[in-house]
Amino acid sequence: MFRAATAADKMPGFVNKRSERRATPYDMKRPPARRPKPLELEIGDRPINLTQVLKLAGMVMHGGEAKTLIAEGLVRVNGVEENRKRRKMTIGDRIEIDGAPTVVLVGPSPPTAATE
């Protein structure tokens, strides 16, 4: 029985024991993807809306874009999908959007003592 040569037959690689064909680059095991370091966004003592946090972090250009992302269910706060546009955010909350680095809200830095 004649079998036409395929691109996988011409590629160097290991023989896949399960199907007895040459392995393609897609069969090779890939290293796990690295997660980028979370961004820390300093907020004041007062609560702030989720849409405002997305704008301050640079994840969106304007409030309308932030509201659309939230309405489509693409924003997660502390690992839970968030649908409230006016959700009050507090220090320690983590905001995640697929394809963007995680944002962690931090409090204001303590005042430094002035030296004379």
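The values are calculated or read from the model by the stated rules, or taken from the named source; none is laboratory data. Just so it is clear, the model here is predicted, and its values are computed rather than measured. Cβ: placed from backbone, ideal geometry, glycine included. Neighbour counts: every protein chain shown.
A few comments on the model shown:
- All conditions but one from (1) at pLDDT 90 or above; (2) not in a loop (DSSP other than H, G, I, E, B) apply to Glu40; the one that does not is (1).
- Flag if Val75 is of a type in the set (A, V, I, L, M, F, W, C), in contact (Cβ under 8 Å) with a residue 40 or more places away in the chain, within 26 Å of Pro108 (Cα to Cα) and surrounded by 11 or more Cβ atoms within 10 Å (Cβ to Cβ): no
- Extreme residue, nearest to Pro38 (Cα to Cα), among residues of the range 72-116 that are over 18 Å from the mean Cα position of the chain (by Cα) and outside any loop (DSSP other than H, G, I, E, B): Val106
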